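The structure appears below as structure tokens.
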Amino acid sequence: MFSVIPDSDRDPILRVQSVSQSFRAGFLLKRTQVLREVSFDVQARSIFGFLGPNGAGKTTLIHLITGVRRPISGRVLFRGVSTQDPRARLHIGYLPERPYFHEHLTGEGFLRYFGALSGLSSAQIELKIPQVLESVGMARARKLELRAFSKGMLQRIGIAQAILHDPELLVLDEPMSGLDPVGRKEIRELILRLAAEGRTVFFSSHVIPDVEAICDQVAVIEKGTIRACGPISGFLDRGGPARVEVALDGVSSLEDLVDGEPTARGIAHWRPMAQGVRVVIEGQEHLKPFLARALAKQDASILWVNPIRPTLEDLFDSGRGAEK
Amino acid sequence: MKASPAVPGGYQVSMAVARVTFFEILRERVLYNIVVVSALVLIASVLAAQISNAMTGRVLSDLGWGALLLSCFAVALSQGASCIAREVERRTILVALAKPIHRQQWLLGKYLGVVAVVTLNALLLSLVTLGVSFQMLGEDFWFVPLGTRVGACFLLLVQSWLIAGLAIFFSSFSTATLSAVLSVGIYFVGSSASQIRWLGLQSDGLAVRWFFELVSWLVPNFEFFQVSRQLTYGLPLELGMIAGRSIYGFIWCALLVLLGGMLLQKREL
């Protein structure tokens, strides 16, 4: 297991300051606002999750971070230098959302190309290619043309080009989208490994469990506006009181365990199983008496007690509820 | 050894982009379609020359030269107009521009890649055309001096580079189709530069005169590269003239790539 500890004492590695962006669209080329006054900081050596539904403005902001686009207003700074400056981009690695690359290139030809664009010398590129291919588990694809790559392989070779020049900041746009569960797990582990090597990872996703699983910091964007930003623990605490699921064997009904109204006893919901019941209890103050009563019952035995962490989905829902 | 990159120089970037572009275009089916059509025109010129008892050399020269011209024009136009659009459509441009490079360097690399393909195509077809002419004409081949033939081929090559430059310039801010249409338009205007100037001189109005004069200066003068008369009649081409017109072409190419780079810098991708 890898551990990535954010160093909050340091200056942020990436600073997004009051960034707004709009695009020209339609016959009259009217500007459509995509980002509105977006601001947040990314601490060095952290994994920063950028969460939002499709069309929220995640990819647009990533294009601003990687210097592909210029903001209409505001600034994006990497260690104090605008990402429009090639000197800042020298320390940034980028994986696009849909890794469409030049299909005629082989794995190593592809890395040679992007190695040259990243400022590496030929000798450095030749030295780094086997290392990064090994690092992303693609050593055998060195001579294979990209047109023969699967989606997962393209993601990996895309990550390989992003880390080829040892960037401090890795920006990954939806790195797990379109992958099967095994592929998602592998990419997740790869991200954790890259972060453990000392890199800062900024990645976007609209899949909340992906962000929950590996991120230290989270920003939530919706309709071009940052809804929330901060450490992941803070987000999970906001999801309401801690809940625990208890599964009991030898109990057929809730009435055997609870006197009176279940909700008054902290029972959020319950359902019968083949041999017992599964009960979700809200709050530690209700859990202890419930367990004591269950243990006192002669035929009952506890199958499991699982804490249920609130998800960022709950956060999204609560945010929308508050708006309404 | 830890990699310690530095912001890459223009040469390194442009050469890397040019290499990838060159091999990418070599995989394009449209390139081979153009080459096949040109080869067919060349074969037709051989057949036509055989049918015509008199003026075999003239028929072969005109049609063979036409095939060469058509091929170089089509390759330069199609690849110049589509190479940036292809990158934008496939989104491959985004990863490249996220690297520590300037867009002008990237555009120069694309242009050099197209130029390499155009040059390869022109060289191969020129050699084939010269070879066929030599085989068919025997001693009559020398009616047109070798210097004229080589000089004409070189000027044709410079013209093709210029057409590629025009197409790349337009594609830095517009679609592939529009770039091709605009480039063809400029080519026809530039091929009639002297007529445009003459047209202006026929007018009494000073403003009209100035307008036509301005138009003739604002577009590259493609008449400089058209030497089919010398080829047909076996007239010599002076080295100084070839050098001067080539320099004129190179200046236009540099200007177009520079302006294209500046426009690409401002373009919203």
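Every number here is computed from the coordinates shown, using simple stated rules; none is lab data. Computed from a prediction, not measured in an experiment: that's the story for all the values here. Cβ atoms come from the backbone with ideal geometry, glycine included; neighbour counts cover every protein chain shown.
A few remarks follow.
- Angle in degrees between helix B:206-218 and the longest Cα principal axis of chain B, rounded to the nearest 10: 80 degrees
- Positive-end residue of A:Ile92, A:Ser233, A:Met176, charge dipole of chain A with Cβ unit charges: A:Ile92
- If you look at the Cα atoms of segment A:10-143, you get an Rg and a Dmax of 17.6, 51 Å.
- Hits among aspartates and glutamates - C-alpha to C-alpha of A:Lys30 under 18 Å, sequence gap 8 or more where chains match: B:Glu268
- With the convex hull of the Cα atoms taken as the outline of segment A:243-310, the averaged projected area works out to 4.1 nm².
- Relative to the Cα centre, the charge distribution of segment B:151-258, modelled as +1 at Lys and Arg Cβ and -1 at Asp and Glu Cβ, gives a dipole magnitude of about 60 debye.
- Measuring between alpha carbons in the structure, the pairs from A:Lys128/B:Lys99; A:Lys151/B:Lys99; A:Lys58/A:Lys128; A:Lys58/B:Lys99 lying more than 26 angstrom apart are A:Lys58/A:Lys128.
- The protein assembly as shown: translational diffusion in µm²/s, Stokes-Einstein, Kirkwood Rh over Cα pairs, 37 °C, 0.692 mPa s: 115 µm²/s
- Prolate/oblate/rounded label for segment A:14-237 (Cα gyration tensor, a/c 1.5): prolate
- Whole-number percent relative contact order across chain B, with pairs defined as alpha carbons under 8 Å at least 6 apart: 25 percent
- Sequence-separation-based contact order of segment A:243-310, relative, with Cα cut under 8 Å and 6+ spacing, percent: 49 percent
- For the pair A:Lys297 and B:Leu255, label points projected 7 Å from Cα toward Cβ lie 9.1 nm apart.
- Computed over Cα pairs, the Kirkwood radius of segment B:73-136 leads via Stokes-Einstein (0.692 mPa s, 37 °C) to a diffusion coefficient of 240 µm² per second.
- Residues with amide H under 5 Å from that of A:Val171, placed H, sequence gap 5 or more: A:Gly93, A:Tyr94, A:Leu95, A:Phe202
- Neighbour-limited loop hits for chymotrypsin sites (Phe, Trp or Tyr not before Pro), segment A:114-209 (at most 13 other Cβ within 10 Å; DSSP other than H, G, I, E, B): none
- Close amide-amide hydrogen proximity is noted between A:Leu303 and A:Ala247, A:Leu248, A:Asp249, each under 5 Å apart and 5 or more residues distant or on a separate chain (H modeled in the peptide plane; Pro and chain starts excluded).
- B:Val128-B:Ile51 pseudo-label distance in nm [points 7 Å out on the Cα-to-Cβ vector]: 2.1 nm
- Environment charge of A:Lys58, counting only residues whose C-beta is closer than 9 Å and scoring Lys/Arg +1, Asp/Glu -1: -3
- Degrees, to the nearest 10: B:176-190 long Cα axis against longest axis of chain B: 40 degrees
- Shielding by partners, peptide A:62-74 (average Cβ within 10 angstrom, other chains): 2
- Within a Gaussian network of chain A (alpha carbon springs, distance under 10 Å), most fluctuating of A:Val68, A:Val136, A:Val218: A:Val68
- Relative contact order of chain A: 19 percent, from C-alpha pairs under 8 Å at least 6 residues apart in sequence.
- With only the Cα atoms considered, chain B has a convex hull volume of 166 Å³ per residue.
- From helices alone, chain B scores -27000 deg cm²/dmol at 222 nm; the rule is -39500 (n - 2.57) for each run of n ≥ 4 DSSP H residues, then divide by the residue total.
- Going by neighbour counts of Cβ atoms within 10 Å, the residues B:Arg149, A:Arg140 line up, fewest first, as A:Arg140, B:Arg149.
- Integer Hz, Karplus 6.51/-1.76/1.60 couplings in order for segment B:7-12, x for Gly and Pro: 4, x, x, x, 5, 4
- Partners for A:Lys297 among lysines (Cα-Cα distance below 20 Å; same-chain residues under 8 apart left out): A:Lys288
- Local net charge near A:Ala268, Cβ-Cβ under 12 Å (Lys/Arg +1, Asp/Glu -1): +2
- Per-residue 3J(HN,Hα) values for segment B:252-268, derived from phi via the Karplus relation 6.51 cos²θ - 1.76 cosθ + 1.60 with θ = phi - 60°, read 5, 4, 4, 4, 5, 5, 5, 5, x, x, 5, 5, 5, 4, 8, 6, 7 Hz in sequence order (x marks Gly and Pro).
- In range of the label at A:Arg31: residues from segment B:244-269 whose backbone nitrogen is under 14 Å from the point 7 Å along Cα→Cβ: B:268
- Karplus-derived 3J(HN,Hα) values for segment B:72-83, using 6.51 cos²θ - 1.76 cosθ + 1.60 with θ = phi - 60°, are 5, 4, 5, 5, 4, 5, 5, 6, x, 6, 9, 5 Hz; glycine and proline are entered as x.
- Placed amide H near A:Glu222: partners under 5 Å, 5+ positions off or other chain: A:Arg227
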